[in-house]
Every structure is written in C-alpha cells, then in structure tokens.
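Participant: Below is one structure. I have some questions about it.
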Amino acid sequence: MERSQWGTRAGFVMAAIGSAVGLGNIWRFPYVAYENGGGAFFIPYLFALLTAGIPILIMEFTIGQKFRGSAPLSFFRMSGKKLEWLGWWAVFVSFIISCYYAVIIAWAIRYTIFSFNLAWGSDTEGFLFNEFLHLTVQPGQTGGIVWGVFIPLAFVWIITLGILFAGVKKGIELANRIFIPTLVVIFLIVVLRAVTLDGALMGLDAFFKPNIEELMNPAVWVAAYGHIFFSLSVAFAIMITYASYLPKKSDLTNNAFITGFANSAFELLAGIGIFAALGFMANQQGVAVADVAAAGVGLAFVVFPQIINEFPGFNGLFGALFFLSLTLAGLTSLISITETYVAGVSEKFGISRNKSLAFGGGLAALISILFATQGGLYFLDVVDYFINQFGVAFIGLVEVILVVWVFRKADMLKGHADAISDIRLGGWWKICLGIVTPIVLGYMMFGLFKVNLLKQFDTENGNYEGYSDMFIMSAGVTVAAAAIILGVLASFGKWHKDHAEFEEEK
Ligand code: PHE
C-alpha cells in the first residue's frame, strides 16, 4: 500500500502550524505571559522555545520522516517495543484531549452565532453557566445532554472526520491551506481593531511591562517550558505522524524553525490583541487591567462577551470574527490530534484508514458527549488539568531521555536531518535535547509531583478546585494513568505484517 503524502512543502508546514496554533495561543499565552513577568517573560519563553520546543520539533520531524509511521510505529521501527509504548502513551493522551477539545470548539461555534445579536446580554457569566451550559448539577454528575452544545459538537466532528476522510493531501492539507490563511486575516482584523480602541495602550502597557525580578523565580521558567510544549504540540505524537507523510527528500530543520517561529508570532499577536481589548474594557469600567485579566474559559466566554458588549460599533461583527478565530484555530489542532490515533490504529491492526477513522473518531465523538452534558464543564476542567499536569511535558521528558540516553539515537537522527535539510544541526542540538531539556523538565516534574500530587489529597487545603476525592480520583488521576497503562498494553500486540518489517535505506 502506498503511503499518503503531502502535496507540497508549504502544505506540510501549514498543517504543522495549524496543529500548533490553537486555543492555547489565543486564550492561554497572553495570560501566562502576563502572570509570569510580562515583558520579562520573553526571556524564559525564548529560552524554552530554542532549547526545548524547536529541538524536540526537529527530533520529531526527523523520526517521523525517516521511519515513515505514526508515532508508535516510528518508535517501534527505531528501537523496538521498548520505545513503542511511549508512542501509544502520547496517542492516548491525544485521544483524551480530542474528546474535550472538540467541545470547546463547539462552544466557540455557538458563540459565533450568539455574537450577532449579543445573545448573552449583560450578565455574561450567568449566561454562560446557567442559560448556555445549564451547569446545575454537582461535580461528577452528568445531568442531561445540553442540546445547545451537542448540536454544534456533532457539527465539529462531522467537519473533522470529513476532512480526515478525504485523506492527507485532499483533506488535511487542503483544509489547512484554507483555514490557516483565513485565520490569520480574520485575526489580524480583530487585533487591529483592538489596538485602536480607547485604553488599548493601558492594556499593552500591562502586558509588556517587564517584571525583572520574576526571572529569578523558578516557577516562571517552568511556566515557559510547560507552555511551549502545549503550544507547539510536541510530545503529543502529532508532529511525528505529520512528518511521516513527507516525501523522502524533505527539509526538516528549516521547517521546524518556520513552524516554531510562526506559532510564536501568532501567540505574540494574540497577546497584543487580547491585552489591548482588556485595556479597553478596564478603561471603560474605570478599573485596573489586573482586575479584568483572565485566561481560558473565563477569558473567552465571560470577559470577551463583555468587551464585545461595550464596543463602540459593529459589536456583533467583531464578536463573530473573534469566535470564528477560536473555531478555526481549534479545528486545525483537533484535526491533527485525531490523525494521530487514526494513523496508529490503522497501522497496528492493518485496517484501512477509513475503518480506523470510523472506529477511533467515532469513539472519540461518542465520549465527547460526556462533556456536552450539564455537568460537562466540571469533567472538562478536571480531565484537562490532570492530563496536562501529568501528561504532556512528562512525555517530553521521557522521550528525550529514552531517545538520547537510553537508545542513543541522537547522532543517527542528526545525520539524517543534516543529509536532507538546508540548515545543518550544530552540537547545540544534542546538548539541548540531552542535557538542558532533561534538567529543566526533570526539575519541573519533580516540583509538580511534590506540589500537585500531594496537594490533590490534602484535606487541610482541599483538592484542586475543591472537588471531592472521588471525583479527582476517577476523572483526573484515573484518566491520566489510563493513558500510560493503555499505552503499555497497546505495545504488547504484534504489528500487522505490512508494517512489521522496515528496510533502512543505506
Ligand atoms: N497546540 C495547541 C494549542 O496551542 C494545543 C494542542 C495540543 C492541540 C495538542 C492539539 C494537540 O492550542
């Protein structure tokens, strides 16, 4: 069977950027930067990008392109079953994330429509929780299905699975070639409008004001590394899978730099737009920017609707463009995470791409209904928190240690990347992967475990968000642990005979 391939280099780069640019760039980065030193955050941020983000991206592009498989298959071909499980772990984490990421996109679609007549009224918080989400149950209870979420959610899955069904070139590549430029244009309009509002400068001042002492705070460096992993979609099995569809002669290193810098440029743009808008709102209400700054669900679905309410004109249009940006940024990321398990399952069991799509995508769509129930937001909150705390950067740490130190593949990978890329990798690459990144991530994981895992069961100060032990255990800890256990179990099975053999080219 011929392996699918990207049609053009730009198509691949666009898809990689589509995966990286997501909700995280718009609703996470601005606040993380603001909270962790403002302008001074750019130092740890750039450091994390250059020592961990881009080096790991180069490594993942190289592994996928050389071994031509989904993450588990590429790892298996490189070092056997002892590494395959890691690929499955990342695949399961991606699977879980896709189940709730789809729901947030569904909200964004609904809010795009709400924008036109400012349906949220003046109490945007009450509207979100009561009228829109019907969040009237206890954490851990589902309640009934919320049709206002369910219907756009069905739409999200139909688009995503439809695009994947059309294949790598006619589906993923084409969709990204349309969605990403559209996103950039729409988002630029939003940002340009935001920076010309009254009070915008006040917001930008709060965002960029460097808080130099923060540089001495280890938590700020940890935040920078954590953000870079999430934002660049590395250690999620995605970039390996996407690179596996590259032709034999493809640039790897330069493409990784383009992807990394494009993602950061978008993030910076988002920071400027979001804080300009926050400055406008603070100015309107006569409060400080600090009083209105927020992230995540609160920023996008509570604060932003308020900002839109106060707009001097074209409120509905501006709101719709903002929520459409979230939708497009989210969709291209959802497509990429879904592709990881579609590819992995299809290769492992030797079933067609479409069967795997129906099975894997169908299962994710089914599970995602849990997050479209009345108690959905609580489930989303806990699963997201645990999977991020004990998933992403942790996989990155295990990945660099195994690849560089245990299986000693760095030189081989460097040779491969250098043979086909414009830019040659210097010694810095191996130092970043093998030394700098493991030290920082190791420190970070140790700290996280100490603080978070123990705190989860700390009866004095309470669990995360005050949730019950039962709920934390079942929705948080179990789900995060399941990803790793299922990952190990999946690696026990044999590869379908079409994929078990791999001839390395000399
Ligand atoms: N990189 C995406 C973002 O910034 C997040 C993401 C991670 C999406 C992993 C898919 C998979 O939002």
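The values are calculated or read from the model by the stated rules, or taken from the named source; none is laboratory data. What you see is a predicted model, and the numbers here were worked out from it, not measured in a lab. Every residue, glycine among them, receives a Cβ derived from its backbone with ideal geometry; neighbour counts consider all protein chains shown.
Participant: Residues I63, I54, I17: which one is modelled with pLDDT of 95 or more, farther than 21 Å from K414 by Cα and not small (G, A, S)?
Facilitator: I17
Participant: Here's a follow-up. Tally up the residues in region 25-83 that are in a loop (DSSP other than H, G, I, E, B) and closer than 16 Å to G226 by Cα, please.
Facilitator: 2
Participant: Related question: Give the residues of region 155-170 that are assigned to a helix (DSSP H, G or I) and either touching a residue at least 60 places away in the same chain (Cβ under 8 Å) or among the β-branched types (V, I, T) (or both), sorted by residue number. Give the steps one after another, and end with the answer.
Facilitator: Narrowing region 155-170 to residues assigned to a helix (DSSP H, G or I): 155-165, 168-170.
Scanning region 155-170 gives V156, W157, I158, I159, T160, L161, I163, L164, F165, V168, K169.
Participant: Looking at S352 and the list (1) farther than 22 Å from D384 by Cβ; (2) touching a Phe, Trp or Tyr at 6+ places or on another chain (Cβ under 9 Å), which single condition is not satisfied?
Facilitator: (2)
Participant: So if I check each of A71, A20, which one is within 13 Å of the ligand (Cβ to nearest atom), of a type in the set (G, A, S), farther than 30 Å from K494 by Cβ and in contact (Cβ under 8 Å) with a residue 60 or more places away in the chain?
Facilitator: Answer to the selection: A20.
Participant: Given A119, A102, which one is closer than 19 Å to F304 by Cα and either crowded, with 16+ Cβ neighbours inside 10 Å or away from the ligand (no atom under 16 Å from the Cβ) (or both)?
Facilitator: Only one candidate qualifies: A119.
Participant: Check R28 against each of (1) under 26 Å from A108 (Cβ atoms); (2) out of contact with any Gly (no Cβ under 9 Å at 6 or more places or on another chain); (3) surrounded by fewer than 21 Cβ atoms within 10 Å (Cβ to Cβ) and name the one condition it does not meet.
Facilitator: So the condition that R28 fails would be (2).
Participant: Next up: Residues of region 118-139 being over 20 Å from A102 (Cα atoms), in a loop (DSSP other than H, G, I, E, B) and in contact (Cβ under 8 Å) with a residue 24 or more places away in the chain, which ones?
Facilitator: L118, W120, S122, T136, V137, Q138, P139
Participant: Which members of region 70-90 meet the condition of being under 12 Å from H499 (Cα atoms) and either among the polar types (S, T, N, Q) or modelled with pLDDT under 95 (or both)?
Facilitator: Result: S70, S74.
Participant: Here is a follow-up. Could you say which residue among L380, L413 is of a type outside the set (G, A, S), away from the ligand (no atom under 14 Å from the Cβ), within 16 Å of the chain's Cα centre (by Cα) and part of a helix (DSSP H, G or I)?
Facilitator: When all the criteria are applied, what remains is L380.
Participant: If I filter region 24-68 down to residues being among the β-branched types (V, I, T) and within 16 Å of the ligand (Cβ to nearest atom), which single residue comes out as nearest to T332 (Cα to Cα)?
Facilitator: Restricting to residues being among the β-branched types (V, I, T) and within 16 Å of the ligand (Cβ to nearest atom), the top hit is I26.
Participant: Applying the selection to region 233-277, what residues are modelled with pLDDT under 95 and either under 19 Å from G396 (Cα atoms) or in contact with a Ser or Thr (Cβ under 7 Å, 6 or more places away or on another chain) (or both)?
Facilitator: S233, V234, A235, F236, A237
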